[in-house]
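First the structure, in the form of structure tokens, and then the observations on it.
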Amino acid sequence: MQFVASIFKDYDVRGLYPDELNANTFNLIAQELALFYHPKTVAIGRDIRDSSQELQKAMIEGFISQGVDVVDLGLITTDMIYFAAGKIGYDLNIVITGSHVQKGNGFKICQKGALPISGEGGLYQIRDLLLKRTSFPVSEKKGQLTQKNILDEWINHALSFVDLKTIKPFKIVIDTGNGTGGLVIPPIEKALPGEFINLFLELDGSFPNHFPNPLIAENLKFAIDKVKETKADMGIVFDADGDRAFFIDEKGNSLSGTILTAIVSKNILQKSPNETILYNAVCGRVVPEIVKEMGGNPIRVRVGYSIIRKKMREHNAVFAGEHSGHFFFRDNYFADSGLIMMLEVLELVSQEKRPFSAIARDFQKYPQSEEINFKVDDKLKMMDKVEAAYKEKAQSTDRLDGISVWFSDWWFNVRPSGTESLLRLNVEADNESLLQEKTTELTNFLLAAGAIKA
């Protein structure tokens, strides 16, 4: 079969539309999935992108042609597909979404019980089978198509994570960027006290105001400006498919994934003491410190969606946080959710009689760099050079994920991208001046070794 093989990634299928993937691609993939997994019923939803409805239709037709029944979930946020997989238990569960890729599309997939399907866990096998296939068998039986709306069930599930009676009436700016988060915010606001100032709530897959990718600083400025203008208590910015929420304090400062992991770890351990909490290899030192302080068990794991969910099940972890803004909950079938994260943060802030910035300051002990990306020809060779240069001077090093190098007053991690010829640098130090010094030092070292700043 003719298609662009590189659209198959470690955790999903993703590429530029229509150059790298299109309706025909999705129809072919659906048929191969049907023959490989033999599902009786597949649930398929989609995000708000202009191309998603066309791609969903093609995928539905592919499954039906191979005799598989399909449940059309319609418009959903990505975290809703894990709810469908866990709560209802369809054999395969797919959401059509390009995630954070502005000009692309794709899909994420999991099995019954919200068990993720990753590249090594099946997607690469589907890719390889498709590359060899010349035709599909004709199924005499055709599948049936039904529709189901799971929005109300999902909202009730998310609200069950907090005690609504304890939530205070905050003034909150919420920016969904015309993305799929606009589907869940109105019913959530009806359930919560307070005043909500919504930015770009209208669902519009052309994203006319700004693309909802909160990892890019300029996409936060709309909420930051509105928080300052209206003297709001906080701002919350959702990404395009609604599964990540980023937070801004009342002064207009955005909070990192490390800080939010620490904040929610504290809230969860106050309710459920002595639990295990996972954090990924680039989260800062404050996370394990807070978890231990609250009587929990912190475990550091590799970066990666499927990796974290697997490790959560192994350790029965109640919560896991990634520096990139994905937050996972055991009672959410070990899946991530921006909406549940929002509610957990509101619950903790409601318990305090201080501004959000003052609460966050408790966790902002160690300054961190932003993630800095470098293009390299040989990722492993470059990491070896870094280790050779720093190993003798360091207190310790580890290869849990890339190379992490530890000193008494600072540390850094250099890890390879799973999909690109990039190395990603993260640095943390005891103070701002040391952070700047070491970030500059490491940047200059990588550039001198042949890396190119991306």
From the C-alpha gyration tensor of the chain, pull out the three semi-axes of the equivalent ellipsoid (sqrt of 5λ each), sorted largest to smallest, in whole Å. 35, 29, 20
Quick one: of the DSSP bridges fully inside the stretch 257-361, what percent are antiparallel, nearest 5? 40
So, by mean Cβ neighbours within 10 angstrom, what's the order for 80-87, 56-63 with the highest one leading? 80-87, 56-63
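Does the stretch 111-160 come out rounded, prolate or oblate, given a ≥ b ≥ c as the square roots of the eigenvalues of its C-alpha gyration tensor, rounded meaning a/c under 1.5 and, failing that, prolate meaning a/b above b/c?
Oblate, because a/c is 1.5 or more while a/b does not exceed b/c.
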Convert each backbone phi in the stretch 180-191 into a coupling constant with the Karplus relation 6.51 cos²θ - 1.76 cosθ + 1.60 (shift: θ = phi - 60°), then list the ³J(HN,Hα) values in order as whole Hz, x for Gly and Pro. 5, x, x, 6, 9, 5, x, x, 5, 5, 5, 8
Roughly speaking, what is the centre-to-centre gap between the stretch 361-425 and the stretch 211-260 when only Cα atoms are used, to the nearest Å? 27
Suppose every Lys and Arg Cβ carries +1 and every Asp and Glu Cβ carries -1, with no other charges. What dipole size does the chain come out with about its Cα centre, to the nearest 20 debye? 640
Share of pairwise Cα separations in the stretch 106-236, more than 27 Å, in percent: 45
Residues with amide H under 5 Å from that of E195, placed H, sequence gap 5 or more: F170, K171, I172
For the stretch 171-249, what does the alpha-carbon gyration tensor say about shape, rounded, prolate or oblate, given a ≥ b ≥ c as the root eigenvalues, a/c under 1.5 as rounded, and a/b over b/c as prolate? oblate
If contacts are Cα pairs under 8 angstrom and at least 6 residues apart, what is the relative contact order of the stretch 50-198 in percent? 27
For the chain, which DSSP H helices look membrane-span-like by this rule: Cα extent along the axis of 18 Å or more and mean Kyte-Doolittle of at least -0.5? 23-37, 52-65, 257-271, 338-351, 432-448
Explain nothing, just compute: Karplus ³J(HN,Hα) = 6.51 cos²θ - 1.76 cosθ + 1.60, θ = phi - 60°, for every residue of the stretch 201-217 in order, whole Hz, x for Gly and Pro. 6, 4, 6, 8, x, 8, 6, x, 9, 6, 6, x, 10, x, 5, 9, 4
Ranked by how many other beta carbons lie within 10 Å on average, peptides 140-149, 393-402, 379-388 from highest: 379-388, 393-402, 140-149
Calculated [θ] (222 nm, deg cm²/dmol) that DSSP helices of n ≥ 4 give over the chain, each run adding -39,500 (n - 2.57): -10000 deg cm²/dmol
Can you give the net charge of the other residues whose Cβ lies under 14 Å from the Cβ of Y390, counting K and R as +1 and D and E as -1? 0
Restricting to bridges with both residues inside the chain, how much of the DSSP beta-bridge set is antiparallel, in percent to the nearest 5? 60
Just name one of L203, L192, G181: the one whose Cα is farthest towards the positive end of the charge dipole of the stretch 162-224 (beta-carbon charges, Lys/Arg +1, Asp/Glu -1). L192
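Going by a ≥ b ≥ c, the root eigenvalues of the Cα gyration tensor, does the stretch 150-204 fall in the rounded group (a/c under 1.5), the prolate group (a/b larger than b/c) or the oblate group?
oblate
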What number comes out for the charge environment of G74, summing +1 per Lys or Arg and -1 per Asp or Glu over other residues with Cβ under 9 Å away? +1
Express as a percent, rounded to the nearest 5, the fraction of DSSP beta bridges in the stretch 5-150 (both residues included) that run antiparallel. 45
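Each value in this text was obtained by applying a stated rule to the coordinates, not by laboratory testing. Every value quoted in this text rests on a predicted model; they were computed, and no experiment measured them. Glycine also receives a Cβ, built like all others from the backbone with ideal geometry; neighbour counts cover every protein chain displayed.
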